[in-house]
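Reading through the C-alpha cells given below for one structure.
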Amino acid sequence: MKKTKETRVKLSADEFKQWEQKSITLLGMSGVGKTRLACLLRKHHWFHFSGDYRIGTRYLDEPILDHIKKELMQIPIMRELLRSDSIQIRNNLSVDNLSPVSTFLGKLGDPEKGGLGLSEFKYRQELHRLAELDAMKDVPEFIEKAHYIYGYDHFINDAGGSLCELDDPEVFELLSENTLILYIKASQHDEEELIERARQSPKPLYYREAFLDEQLELYMKEKNLHYVALIEPDDFASWVFPRLFYSRIPRYEAIAEKYGYTITSEQVSAIDDEAGFLSLLSDVLNK
C-alpha cells in the first residue's frame, strides 16, 4: 500500500517491518556503495532500479547514439557504412557498465584532447538534468511493474550521484511518497578515497549550471587562461571534483533531514546480506 509523505518521514521500525512491499531510494555520491548495496539486495528478491541505467537506455539513448555516429563519420570506411545503412550501432548499457552515459556527458576543455566547448558541454549537461528528472518520475510506475509484472517483493532505487543537484522539490515529494529515502553519507576515510580516485582518474560528471559558472571562473583565473578551449579536460575535472563533493554534502543532508534518513558508507560496507541491511534500517528508524 502506498504511504503518504508524512507517514514515510515518521516511519517506525515496526511499521517498516510490516510494510509488505518495501521501496527504498538510495541517495549519495557515486562511490559510497549505493550500487553495491542494490546489487546485493537484488539477490534477495529486490527489484534493482538504476537511475543512470534508465537515463541511458530511455532518455539519452538517441543523443548518445547520435554522438557515437558523429564520431564514427570522421572515419572514411565507417562513414560509407553508416550512410549506406550497412551497419547498426546500438548502446550496450548495463547496471555495471554505464560508460556510454559518461562518455556522452564528456569533459570541458581543449577539443584536441577530447574536450567539449562550453555551449556543447552545457547542452549535454541540460539533457542529462532533464533525463534524470524523468527517470526519477518513473519510479512509481516501476514499483508497480516490479511487483505485478516481474514478481519482486521489494524495490530499490539506486539514484544517481547528481540527484541532489536537481533543485526540483516535486521530485523529492514524489520519491518520499513512494519510497523511504536513505542517504549514504561518506565517512572521512571514504571522502579522502573518493577525492583521490577522482584526482587520479577524473570522470565526466553533472554540474549545476550556477556551480559550473562559478567554479569555471575561479579555475580560469587560477590557471591564467582566457579561453575554455585552452583547458586541459582532465585537469579541470580533477580540480573541480573536491569542490563539487563538498558542495553536495549540505544538499544531501537537507534532503535527508526533510524527507528521509542517514546512514554511513562504513555501515553500508559492513552489510553482506539482506538481514544485515534490514537490521541496520531498524536501528536507524528506532532513533
At what distance in nm do the modelled label points of residue 112 and residue 17 sit from each other, each positioned 7 Å from its Cα along Cα→Cβ?
6.7
Two-site FRET efficiency, residue 249 against residue 87, from Cβ-Cβ distance with R₀ of 51 Å, rounded to 0.05:
0.65
I need the fraction of alpha carbon pairs in the stretch 59-100 separated by more than 14 Å, rounded to a whole percent.
52
For the stretch 242-287 and the stretch 190-235, what is the separation of their C-alpha centers, rounded to whole Å?
27
Calculated over the stretch 172-287: convex hull of Cα atoms, volume per residue (Å³)
138
What size of dipole, in debye to the nearest 20, comes out for the stretch 236-279 about its Cα centre when the only charges are +1 on Lys and Arg C-beta atoms and -1 on Asp and Glu C-beta atoms?
460
Rg and Dmax in Å for the stretch 1-155, alpha carbons only: what are they?
19.8, 65
Given 175, 225, 155, which one lies farthest toward the positive end of the charge dipole of the stretch 145-249, if we put +1 on the Cβ of every Lys and Arg and -1 on the Cβ of every Asp and Glu?
225
What value, in deg cm²/dmol to 500, does the helix sum -39500 (n - 2.57) over DSSP H runs of n ≥ 4 give at 222 nm once divided by the residues of the chain?
-17500 deg cm²/dmol
Students often check this: by mean Cβ neighbours within 10 Å, which of 149-158, 31-40, 61-70 ranks highest, and how do the rest follow?
31-40, 149-158, 61-70
15 Å beta-carbon shell around residue 224, net charge (K/R +1, D/E -1)
-2
Rel. contact order, % - alpha carbon contacts under 8 angstrom, at least six apart, the stretch 99-223
31
Across all Cα atoms of the stretch 23-276, Rg and the largest Cα-Cα distance (Dmax), in Å, are 19.3, 58
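Every read-out reported here was derived from the displayed coordinates using simple, explicitly stated rules and does not represent laboratory data. Worth saying up front: this structure is predicted, and the values here are computed from it rather than measured. All Cβ positions, even for glycine, are placed from backbone atoms using ideal geometry, and neighbour counts span all protein chains on display.
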